[in-house]
Each structure stands twice: as structure tokens, then as C-alpha cells.
Amino acid sequence: MFKNYNMNQVVLPLDLEIKLQENDIAYAIHDLVGSIPNEAFDSFLRCTGCPAYHPRMMLKIILCAYTQSVFSGRKIEDLVKDSVRMMWLAQGYEPSYRTINRFRVHPAVKELLRQCFVQFRCQLVQEKLIENEAIFIDGTKIEANANKFTFVWKKSIEKYHNGLIEKSNQLYDELLEKEIVPEIERENEKELALEELAQMVEKVDEVISEYDRKIEDSSDVAERKALRTERKFPKQARKQLIDYIERKLKYQRDFEIFDERNSYS
């Protein structure tokens, strides 16, 4: 035996509210938008053309769709036709996806969303769900102090520092070979000091400035193109040198913190 099921029987339309559960999110959205002052919707008023959908209703269906992870205008339009909670919030209206999208990009919607946030936070404070000093962020992930990735290991820093020494020496030899920088009286033949790297940056800057002057003075297109090509390597070298200086400073600070330890957090 089955329960009665007859598609040909006339059924009177029922209030959709009875289909919603007591704690349905549609009620929360309805109360939230209803708490926004009427003055916030004045910018949507117009005296000509066909009467527009009420901005409270439009805001409710958009917020409800967002809580269901639905962001497309066409999908929101489908929800208004299929979802019981969306039908109840829209009270039988069925705005098209074009209308929904036009409403979302209206300049005043930004202020409406701000009002929603303010009202939502006030309600949470009144119901003692959060403290008054609660701070909200926009979803940015902030690394915890106790996170394992905050550890710095001495062996890793030594490895990176040795690689930096090797790369900076190679760059110095290349700049010397191309006669971009003069030979430097080095304190240590194995490693370039910070002051020596800074001297190299100054010399490279002078070379780049000279190329800039020649390019500006030249009216020959082919010559200007050739000069730009020649200037490319010094500019890349300058960028690398600045990176080496910053990394070298960091590694020096790390070694000072390590002292006799093998790691720190």
C-alpha cells in the first residue's frame, strides 16, 4: 500500500514558511536585512520607468545564495525558482540573472553590505555570542607562532649561505670579465663582504646611468635598440646584487641568533 500520490488533483498553494525548519538560515537572513534602516535604501528609489524589485528582497536572495556557495547570477536565478527558502525570501518574485547582476554592481550595494556587517556584529554582541572587542579579518591566513615552519635550522642556513657565496663570486667574475666593475681589493678571497657588494652596486648603477644617457642622446633607432640590449645584463646584475645583500644580512642575523644552538624559532 502506498501513500496517496495524484498529479491530476488540484492542490491549493500553501505558505512556503511552513516548509522551512525552525532554525533555517533564511530566517537569520530575513532578520538581518530587516534590521537595516530604511534610509540605507533611499539611493535605490526612482520615479520613472517600471517599479523595481525592493532592494531588501534582492539583498536577501543574494546573501542566501552566497551562504549556499552559489555566486553565479544564472544559478541564483535558478535557486529562486527551485529553492523553498529562496521562494519564501523572494515572496513569489523571480528576478532574472540580469537584474541580479545589475543590482550587485550598483554603487550603493557596498554600503548595504557594510550595514549588514554592522548589524550582524551588533546582534552577535547583544546575544553574547562574541565579545565586544572581537576583531574580524578578511580570510587572510596568519601563521601561528607555534607553527613548525617558524623554525630556522642552522644546517639549512649554512647551506644557503655557501650557495650565496658561490653565486656572488660567479657574478663578480662575470662583471669583471665584461669590464662593468673594476677589480676590488677584497678582504677575503673566498667571500665578498657586504661593503664590497655595495661597491659593486654603485659601479653597476654608474654603468646603467651611462647607458640611459646614451639612449636618450641617440636618435638612431637601431643604435638605441642595441644599447637597450647591452643595458639588460647590468640591470639584471644590479637586481641580483641587491638580493644577495639582503640575503647576506638575513643570514648574518640568523648566525648571531644561533650562537651555539642548532636551530631557533
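Given a Förster radius of 22 Å and the C-beta distance between L124 and Y27 as r, what FRET efficiency does 1/(1 + (r/R0)^6) yield to the nearest 0.05? Mind dumping the intermediate values first?
On the way: r = 16 Å, r/R0 = 0.71.
So the FRET efficiency works out to roughly 0.90.
Under a cut-off of 13 Å between alpha-carbon atoms, report the aspartates and glutamates in cross-link reach of K214, not counting same-chain residues fewer than 8 places apart.
E206, E223, E230
Straight-line reach from K60: which lysines fall under 21 Å, measuring Cα to Cα and dropping same-chain residues less than 8 apart?
Within the straight-line cut-off, K60 pairs with K19, K75, K81, K110.
Output wanted: per-residue J couplings in Hz (rounded whole) for region 127-133, from phi through Karplus 6.51 cos²θ - 1.76 cosθ + 1.60, θ = phi - 60°, x for Gly and Pro.
8, 6, 8, 9, 7, 5, 8
Quick check: residue separation of R102 and K75 times 0.36 nm, minus the Cα distance between them. What number comes out in nm? Provide the component values of the computation, followed by the final result.
Details: separation 27, 0.36 × 27 = 9.72 nm, distance 1.50 nm.
Contour length minus Cα-Cα distance gives 8.2 nm.
With each label point set 7 Å from Cα along the Cα-Cβ vector, what nm distance links E187 and F258?
If labels sit at E187 and F258, their model points lie 1.9 nm apart.
Need the full-extension length gain, V201 to L113, defined as separation in residues times 0.36 nm minus the C-alpha distance. One decimal, nm. Intermediate values should be presented prior to the final figure.
Working: separation 88, 0.36 × 88 = 31.68 nm, distance 5.01 nm.
Full-extension gain reported as 26.7 nm.
Let me know the shape class of region 221-265, please: from the alpha-carbon gyration tensor, a ≥ b ≥ c as square roots of the eigenvalues, rounded when a/c is under 1.5, otherwise prolate if a/b is greater than b/c, or oblate. Working shown, then result.
Values: a/c = 8.19, a/b = 6.89, b/c = 1.19.
Note, shape of region 221-265 comes out prolate.
Run through region 33-90 and list the trypsin sites (Lys or Arg not before Pro) located in a DSSP loop whose Cβ has at most 11 other Cβ atoms within 10 Å. Numbers along the way, then the final one.
Values: sites: R46, R56, K60, R74, K75, K81, R85; in loops: R46.
Filter output for region 33-90: R46.
Do the alpha carbons of any pairs in K178/K239; K155/K239; K167/K190; K178/K248 sit beyond 20 Å of each other, and which pairs? Each step should come with its number before you reach the end.
On the way: K178/K239 17 Å; K155/K239 27 Å; K167/K190 12 Å; K178/K248 25 Å.
Pairs exceeding 20 Å: K155/K239; K178/K248.
Once amide H atoms are built 1.01 Å from N in the peptide plane, which residues 5 or more positions from S263, or in another chain, come under 5 Å H to H?
When sequence neighbours closer than 5 places are left aside, the close amide H contacts are K154.
HN-Hα J couplings of region 213-218 from phi, Karplus 6.51/-1.76/1.60, θ = phi - 60°, integer Hz, Gly and Pro as x?
5, 5, 5, 5, 7, 7
Given region 147-265 reduced to its alpha-carbon atoms as identical point scatterers, what log10 I(q)/I(0) does the Debye formula return at q = 0.13, 0.14 Å⁻¹?
Once normalised to I(0) and log-transformed, intensities are -0.62, -0.68.
Take the solvent-accessible surface of the protein heavy atoms, probe 1.4 Å, and return the percent of it on region 151-236 that carbon and sulfur atoms account for.
Numbers: 2780 of 6070 Å².
Ligands and nucleic acids excluded, carbon and sulfur reach 46 percent.
What ³J(HN,Hα) values, in whole Hz, does the Karplus curve 6.51 cos²θ - 1.76 cosθ + 1.60 give for region 91-106 when θ = phi - 60°, with x put for Gly and Pro?
6, x, 6, 9, x, 6, 5, 5, 5, 4, 5, 5, 5, 5, 8, 4
Could you compute how fast region 160-204 diffuses translationally, taking Rh as the Kirkwood radius over C-alpha pairs and applying Stokes-Einstein at 10 °C with viscosity 1.306 mPa s? Give it in µm² per second.
Working: Rh = 10.7 Å.
In µm²/s, the coefficient rounds to 149.
I need two numbers for region 23-112: Rg to one decimal and Dmax as a whole number, Cα atoms only, in Å.
Final numbers for Rg and Dmax: 12.6, 40 Å.
Can you run the Rg to Rh ratio on the chain? Use alpha carbon positions and the Kirkwood inverse-distance Rh. The partial results should precede the final answer.
Values: Rg = 33.5 Å, Rh = 26.3 Å.
Rg/Rh for the chain comes to 1.27.
The values are calculated or read from the model by the stated rules, or taken from the named source; none is laboratory data. Keep in mind that this is a model prediction, so the values were computed, not measured. Every residue, glycine among them, receives a Cβ derived from its backbone with ideal geometry; neighbour counts consider all protein chains shown. Accessible surface areas use protein heavy atoms only, side chains included; no ligands, DNA or RNA. Shrake-Rupley method; radii C 1.70, N 1.55, O 1.52, S 1.80 Å.
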